[in-house]
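The values are calculated or read from the model by the stated rules, or taken from the named source; none is laboratory data. From a predicted model like this one, the values you see are computed outputs, not experimental measurements. Note that we place each Cβ from the backbone using ideal geometry, even for glycine, and neighbour counts take in every protein chain shown. For accessibility, only protein heavy atoms count, side chains too; no ligands or nucleic acids. Shrake-Rupley method; radii C 1.70, N 1.55, O 1.52, S 1.80 Å.
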Amino acid sequence: MRKRISFAKTYLYLVLIVLYIPIFYLIYFSFSSGKNMNKFQHFTLAHYQTLFTDNRLLAIFLETIILALLSSLIATIIGTMGAIAISQVRRKRHKNMLLALNNVLMVSPDVIIGASFLVFFTALGIGLNFGSVLLSHIAFSVPIVVLMVLPRLNEMDYTLVDAARDLGANGYQVFSNVIIPAILPGIASGLFMALTYSLDDFAVTFFVTGNGFSTLSVEIYSRARQGIDLEINALSTVMFLFVLVLVVIYYFMTTKRSKKAKRMMRGLIK
């Protein structure tokens, strides 16, 4: 048993090393005074200075953050409502069908999804701009939120809902004071997942973005085609740290919530 645990830990560490070595390699060369990643030269912050004086790139960075926040917020609201609706379906066959339809965007290749959105917007005469990218990000983020919220709904004790109704609570009060607090960890998970997916997406965004709008992933791709610039390394480092901060915040939120739940359980037992 100990050998299996030791092997599992070793395997996990190896996977983490393989995943993180390219990221740290990229970060390492963002501090090089050279013009490429062939050889590290002198330590410098010149690439970060260039990055923070590049008005176009800073504008794209801000627009990408706004897009991610807005799309994840709207997707979380829609996905939460959808998860609640799916959980209320009584027939198992209908529920499985709805879940299958929800998972279509999760299992479909990004290229197909992006091309589908492009054809859809073109057919409706919708211009390729911030609006088209926002709608696309909302669409592929909703299934993620549904998958995060549904397990919480399945674990929820519905006797609390019955008790609230017996005490005279109306539908809104049951929803806001009983259901939402019970599934709040799932909603938070869905929000953070949708946010990271939106920040990370390239394939879908590449199809539905136009000349008047761009995201960081598309901008980095277009610049990389012209040649590797270490300013891209600096930008990637900033984005990695931004996502890392989000993950740390989410970790502390969930840890604090779990400790609070344990204290409540101990109080009830006593």
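Give region 82-98 a look and list any residue that's surrounded by 11 or more Cβ atoms within 10 Å (Cβ to Cβ), farther than 17 Å from Met193 by Cβ and not charged (D, E, K, R), or say none.
Ile84, Ala85, Ile86, Ser87, Val89, His94, Asn96, Met97, Leu98
Name the pairs whose Cβ atoms lie under 7 Å apart, with the first residue in region 165-185 and closer than 19 Å to Ile78 by Cα and surrounded by 14 or more Cβ atoms within 10 Å (Cβ to Cβ), the second modelled with pLDDT under 85 and charged (D, E, K, R), and 6 or more positions between them or separate chains?
Sorted first by the residue in region 165-185, then by its partner, the pairs are Val174/Arg165; Pro185/Arg257.
For residues that are in contact (Cβ under 8 Å) with a residue 40 or more places away in the chain, surrounded by fewer than 16 Cβ atoms within 10 Å (Cβ to Cβ) and in contact with a helix residue (DSSP H, G or I) (Cβ under 8 Å, 6 or more places away or on another chain), tally how many sit in region 217-237.
Matching residues across region 217-237 total 0.
Has region 16-36 got at least one residue that is within 28 Å of the chain's Cα centre (by Cα), in a loop (DSSP other than H, G, I, E, B) and at pLDDT below 85?
No: region 16-36 contains no residue that is within 28 Å of the chain's Cα centre (by Cα), in a loop (DSSP other than H, G, I, E, B) and at pLDDT below 85.
Which residues, counting only those in region 17-66, are out of contact with any Phe, Trp or Tyr (no Cβ under 9 Å at 6 or more places or on another chain), open to solvent by 50 Å² or more (accessible area, probe 1.4 Å) and charged (D, E, K, R)?
Listed by number, the residues that qualify are Lys35, Lys39, Arg56.
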